[in-house]
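Take a look at the structure set out below.
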Amino acid sequence: MTEKNQIRILIVEDEYITMETLTTVLTEMNYAISGDAMSAAEAIEVLEKGETDFAILDINIKGEHDGIWLAQQIKEKYKIPFIFLTAFGDKATVQRAIEAEPHGYLVKPFNKTDIFTAIEVALINYAKQNKTVSKESTSSKKDEDDSHLIVKDSIFIKDDYAYVKLKMNEILFIKSDKNYLEIHLENKRHLVRGKLSDFFENLPQDEFIQVHRSYIISLNAIDSIGSNFVKVKTTEIPVSGNYKDDLKSKLRIF
Amino acid sequence: MNKILLPYFGAVLLIALGSYCYGQDYIHKADSLELLINNESGRKRIELIANITRNTNLLEVDHKVFGAYIQEAYEWEKKNPNPKLLNTIRLGEVNYLIADSEDVAAVECLHSILNSGVPLSSKDSISTYSFLRNLYSSAHLYSEAWETLRILDQVIINSRSNDPFFVDSRKNIFNDFAMIYLQMEEYDKAIEQLKKLIRIAHQENDLLREAGAYNNLGITFLKLEEPDSAIFYFYKSEDLWGEYIQSLTEVFTADEAFFSILKGNIGEAHNQNGAYRKAIPLLQEYLERGREDNNPGMEINALHELSKSYVGLKEYSKAYGFLEEAALLLEGNSVSDDLIGNYQLKVDVLEKLGRSGEALKLFRLVVTYQDSINDLENRDRVIMLEFVYGLDKKNIEIGQQKVLVAEARADTEKEKGSRRVLIISVVMMSVILTLLVLYVFQKRKRTKALTEKSEQIEKQNEIIEASLVEKDILLKEIHHRVKNNLQLISGILELQAAQFDDKDLKAVMEEGQSRVRSMSLIHEQLYQSKNLGVIDFQKYLEKLVKDIVVAFKDQHGKLDIDINVNGLSFDVNLSVPLGLIVNEMITNAFKHGFVNRQDGKISILIEEIGDNKYEMLISDNGHGLPGDFDPEKSASLGLRLVKGLSRQLGGDYSFYNQNGANFVIQFKTTNI
């Protein structure tokens, strides 16, 4: 069963045993499998359902299209991070693969650590790539570790040794505590490294608002508004003077 | 410039070497050949006619005699159709046509052999391509000649026979290459080939070829205008030819004639050197031989060369006399290189004699003829190319008509020529001279580019061939290593299993081992087989099943296993998963199908059921599947593997009980 915050991975691989191995390893790591495809056509079917967060693509698959074609489709349409998986490290294949701009590369044979690392690197690459595309001008130099892994409407954070994803709309508020950020969900709290201002940049601006030096809240999560605080569920969050006007204008409560 | 316009003197040597090209099995004289033929009748007679006409150097005998015989052979074959014999007769006709200077018809005939669809013996194809090669190169179709020679080379190399014909052909190839290089004016390369031939002929004590090659080497140096070297080689050839003649049991005039040919060649070299007095007696002897043998080509060559000697000695009227004599021999023939050469020489002599008016007139003629002969040659070339590229006959006939028109034009020009005004001639002369210079220049450039290209291709082919062999060896090596490594893994599993007493654990290890084994067998079969691409599946399954039987031998005594794959072979991509499936199924049958039974039967059947679609039926006469059998819910890795691998093969699997368990797996071969 797919838990809510599991990252759902599509495996495209036409060799059954490799596919089965990947499935086993990924499941053990607490990832969910959104689908296993042996051809590009099957893969597209899975992708069309929109329940895939990440894709592992074998380059050499039988059928009309190969993994590189699939990568182009993902880049154009589905916009999720993906990595290539291949047994051939030859120059021509690598060259073609590079042109498809994968977020990572996994070479057969692989072990658990390889898979784990490849996924992590891919997520970081993906986040960076999206940031530079959308906010090139505003992003100043940052500590590498502080890049936040935001994929579409979710943020990926490390939970034990695998990543989990938090849907943006599940976030109630974020609290900054020194170098860490507490991300508060309905009944869970995640701790990630980073600065509030960087994190804020990655959030949809019409859904979140900073109300304090140390707090960002989801506009949808506000239950009540006091004179110098807002209440999200049971938590009272302070609103400081310089952010008050902004909040009011956003909530149209002038 | 003279060089280009002069008749191709090297022809002398082509005859000399050509004679052995087609075998020495038959005696040279026409009458003795006729005698041979007339001693036979029926099929034997026709075969003899075909063989004699194709094998004999018809240039040395009165070839016209054989026209009727060839006709007779054709008619006989019409009544007694025999496509193989027909091709041999055609080869005879080709030889006849070449002797008759009907090059275009000869090429057509050769193409009808190639297009006959009848497989040619190595001997016949060597003859066919040799003829074609000669014809192409004398038509200056160098790239076609090259291509043909390359095919010839392949045919000869591939025929590993020790038959003297093939042994000789292998050596002749060097001479063939040299002759093409010579024509293309690539002298260095011609020399290289000839030296190779000399080395080999010397090792094999093949005096005939060694002498021939030295003569050709001399001619190459004549072309290079290095007469001293040329003379050196001609004498070497003469010595060797002497030894050769002594080794013969019976000497024919044609063999003796070669001495005279050498004398003629040496004479030409002396002329080049300015040693005219030395040249004259040699050329006289050469001329005599030509007269005796009734060989006008030889006579003309000799007369022309003699006239050069006398021009050198400033005895112009004597020189002119020789040219007139040659002109008499040329009379009645159509425009030829020889005729043009004759006029060319006359122009020089007339000028020296102070008869400038006549000289200019003749020069005008030379130019006209040169044009028309170029036209004729071009037509011939076009027609030949049409054969090469298989255009229809109509085009060819039109082409031949054009030749007639061109010839007719040349004749009328001849009459008009004398009436032309001097000034026009002078203007024309300069224009034509420029054109000629350009032509020579262009031709050299073109031939050079051609040789370079051909050499490149040749080199590349060699590299490719070598790398293909290497590829095969490496692939075998790799399959061998893969097999070894897989066996190693299997061995490790065995050792690991031995560490435990737990029966279940041991069983798991054994299963792993047998799965690895099923793959290692594939690689074993691959490096043992000739074809590195495919697996003979019958063989493979037999081995695979034998291993499983051995593994279960303690539990089941007599289990018959019947395998029939209908002779199918599959590639590695398909064989590995299919082998694993069979491995799982048979293991399952052994484990569950025959519990508490000693005997039973298992059969594996693979059939093609459609385009690239196959069906495999694995059935046993055991207990059958349990009623609640559901592979979807089965935790067994074996069944999961079967299911997943079937999917990988683009197929499906199903099962039913009927006298035991039956599994049907359908799969496809995909073209990736």
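The values are calculated or read from the model by the stated rules, or taken from the named source; none is laboratory data. It should be emphasised that the depicted structure is a prediction, and the values quoted were computed from it without experimental measurement. Because the Cβ atoms are built from the backbone with ideal geometry, glycine has one as well, and the counts that use them run over all protein chains shown.
Scanning region B:653-672 for residues that are crowded, with 16+ Cβ neighbours inside 10 Å, among the small types (Gly, Ala, Ser) and either free of Cβ contacts under 8 Å to residues at least 40 places away in the same chain or within 11 Å of chain A (Cβ to nearest Cβ) (or both) yields a total of 0. State whether one or more residues within region B:593-616 are touching a Ser or Thr at 6+ places or on another chain (Cβ under 8 Å) and assigned to a helix (DSSP H, G or I). Among the residues of region B:593-616, not one is touching a Ser or Thr at 6+ places or on another chain (Cβ under 8 Å) and assigned to a helix (DSSP H, G or I), which makes the answer no. The number of residues in region B:309-318 being crowded, with 21+ Cβ neighbours inside 10 Å and at pLDDT below 90 comes to 1.
Scanning region B:183-200 turns up no residue that is aromatic (Phe, Trp, Tyr) and crowded, with 21+ Cβ neighbours inside 10 Å.
Could you pull out every one of the helices (runs of 4 or more DSSP H) wholly within region B:488-590 that has 2 or more residues that are exposed (fewer than 13 other Cβ atoms within 10 Å of the Cβ) and more than 54 Å from the chain's Cα centre (by Cα)?
Numbers: elements: B:503-528, B:537-551, B:572-588.
Result: B:503-528.
For region A:47-61, filtering for residues that are within 14 Å of another protein chain (Cβ to nearest Cβ) and surrounded by 17 or more Cβ atoms within 10 Å (Cβ to Cβ) leaves 3.
Screening A:Ile44 with (1) over 22 Å from A:Phe156 (Cβ atoms); (2) more than 14 Å from chain B (Cβ to nearest Cβ); (3) touching a Pro at 6+ places or on another chain (Cβ under 9 Å) gives one miss only, at (3). Residues that are touching a strand residue (DSSP E or B) at 6+ places or on another chain (Cβ under 9 Å) and part of a loop (DSSP other than H, G, I, E, B) within region A:222-248 comprise A:Gly226, A:Asn228, A:Lys233, A:Thr234, A:Val239, A:Ser240, listed in sequence order.
Close Cβ contacts (under 6 Å, 6 or more residues apart or on different chains) running from residues in region B:39-62 that are buried (at least 18 other Cβ atoms within 10 Å of the Cβ) to residues that are at pLDDT 70 or above and assigned to a loop (DSSP other than H, G, I, E, B) comprise B:Leu48/B:Glu40.
Within region B:218-262, which residues are among the charged types (D, E, K, R) and either in contact with a strand residue (DSSP E or B) (Cβ under 8 Å, 6 or more places away or on another chain) or closer than 22 Å to B:Gln183 by Cα (or both)? If the condition is that a residue be among the charged types (D, E, K, R) and either in contact with a strand residue (DSSP E or B) (Cβ under 8 Å, 6 or more places away or on another chain) or closer than 22 Å to B:Gln183 by Cα (or both), then B:Lys223, B:Glu225, B:Glu226, B:Asp228 are the ones that fit. Looking across B:Leu568, B:Leu521, one residue alone is out of contact with any Pro (no Cβ under 8 Å at 6 or more places or on another chain), more than 24 Å from B:Lys613 (Cβ to Cβ) and among the hydrophobic types (A, V, I, L, M, F, W, C). It is B:Leu521. Only one of the numbered conditions (1) part of a strand (DSSP E or B); (2) farther than 28 Å from B:Leu578 by Cβ; (3) without any contact (Cβ under 8 Å) to a residue 40 or more places away in the chain is not met by A:Phe84, and that is (2). Within region B:630-641, being of a type outside the set (Asp, Glu) and either away from chain A (no Cβ under 13 Å) or crowded, with 17+ Cβ neighbours inside 10 Å (or both) holds for B:Pro631, B:Lys633, B:Ser634, B:Ala635, B:Ser636, B:Gly638, B:Leu639, B:Leu641.
Filter region A:17-44 for residues that are among the hydroxyl-bearing types (Ser, Thr, Tyr) and touching a residue at least 12 places away in the same chain (Cβ under 8 Å); which is surrounded by the fewest Cβ atoms within 10 Å (Cβ to Cβ)? Break it down into steps so the answer makes sense when it comes.
Residues of region A:17-44 that are among the hydroxyl-bearing types (Ser, Thr, Tyr), as a first pass: A:18, A:21, A:23-24, A:27, A:31, A:34, A:39.
This time we only want the ones that are touching a residue at least 12 places away in the same chain (Cβ under 8 Å), so: A:18, A:23, A:31, A:34, A:39.
Details: A:Thr18: 18, A:Thr23: 16, A:Tyr31: 24, A:Ser34: 22, A:Ser39: 19.
Checking each candidate, the answer is A:Thr23.
Among the residues of region B:319-344, count how many are of a type in the set (Gly, Ala, Ser) and modelled with pLDDT of 80 or more.
Of the residues in that region, 5 qualify.
With respect to (1) among the hydrophobic types (A, V, I, L, M, F, W, C); (2) over 23 Å from B:Glu511 (Cβ atoms); (3) within 14 Å of another protein chain (Cβ to nearest Cβ), the lone exception for B:Val565 is condition (3). Taken together, B:Gly627, B:Gly622, B:Gly644, B:Gly650 contain a single residue that is over 19 Å from B:Arg515 (Cα atoms), within 13 Å of chain A (Cβ to nearest Cβ), small (Gly, Ala, Ser) and not in a strand (DSSP E or B), which is B:Gly650.
The residue that is nearest to B:Asp206 (Cα to Cα), among those in region B:145-171 that are in contact (Cβ under 8 Å) with a residue 40 or more places away in the chain and crowded, with 22+ Cβ neighbours inside 10 Å, is B:Ser169.
Once region A:195-240 is narrowed to residues that are in contact with an Asp or Glu (Cβ under 8 Å, 6 or more places away or on another chain) and touching a residue at least 60 places away in the same chain (Cβ under 8 Å), the residue that is farthest from A:Asn130 (Cα to Cα) is A:Lys233.
Before we move on, is A:Asp90 modelled with pLDDT under 90 and either out of contact with any His (no Cβ under 7 Å at 6 or more places or on another chain) or within 30 Å of A:Phe199 (Cβ to Cβ) (or both)?
Numbers: modelled with pLDDT under 90: yes; either out of contact with any His (no Cβ under 7 Å at 6 or more places or on another chain) or within 30 Å of A:Phe199 (Cβ to Cβ) (or both): yes.
So A:Asp90 fits the description; yes.
Tally the residues that are touching a Ser or Thr at 6+ places or on another chain (Cβ under 6 Å) and either part of a helix (DSSP H, G or I) or within 14 Å of chain B (Cβ to nearest Cβ) (or both), restricting the search to region A:19-32. Matching residues across region A:19-32 total 0. When A:Asp66 is tested against the conditions (1) at pLDDT 90 or above; (2) farther than 22 Å from A:Val164 by Cβ, the lone failure is (1).
Among the residues making up region B:593-614, those that are buried (at least 16 other Cβ atoms within 10 Å of the Cβ) and closer than 23 Å to A:Tyr16 by Cβ are B:Ile604, B:Ile606, B:Tyr614. Any residue at all in region B:195-203 that's of a type outside the set (Phe, Trp, Tyr) and in contact (Cβ under 8 Å) with a residue 40 or more places away in the chain? Among the residues of region B:195-203, not one is of a type outside the set (Phe, Trp, Tyr) and in contact (Cβ under 8 Å) with a residue 40 or more places away in the chain, which makes the answer no. Looking at (1) crowded, with 21+ Cβ neighbours inside 10 Å; (2) more than 41 Å from the chain's Cα centre (by Cα); (3) among the acidic types (Asp, Glu), which is the only condition B:Glu325 fails? Going through (1) crowded, with 21+ Cβ neighbours inside 10 Å; (2) more than 41 Å from the chain's Cα centre (by Cα); (3) among the acidic types (Asp, Glu) one by one, B:Glu325 breaks only (1).
Taking each residue of region B:256-276 that is without any contact (Cβ under 8 Å) to a residue 60 or more places away in the chain and of a type outside the set (A, V, I, L, M) and looking for partners that are crowded, with 24+ Cβ neighbours inside 10 Å and not in a helix (DSSP H, G or I) with beta-carbon atoms closer than 9 Å, six or more apart or interchain, yields nothing.
Does A:Ile7 qualify as being more than 14 Å from chain B (Cβ to nearest Cβ) and hydrophobic (A, V, I, L, M, F, W, C)? Talk me through it step by step, then tell me what you get.
Values: more than 14 Å from chain B (Cβ to nearest Cβ): yes; hydrophobic (A, V, I, L, M, F, W, C): yes.
Considered against the rule, which asks whether it is more than 14 Å from chain B (Cβ to nearest Cβ) and hydrophobic (A, V, I, L, M, F, W, C), A:Ile7 comes out as yes.
Any residue at all in region B:439-456 that's assigned to a helix (DSSP H, G or I), touching a Lys or Arg at 6+ places or on another chain (Cβ under 9 Å) and loosely packed, with under 14 Cβ neighbours inside 10 Å? Yes, that holds for at least one residue.
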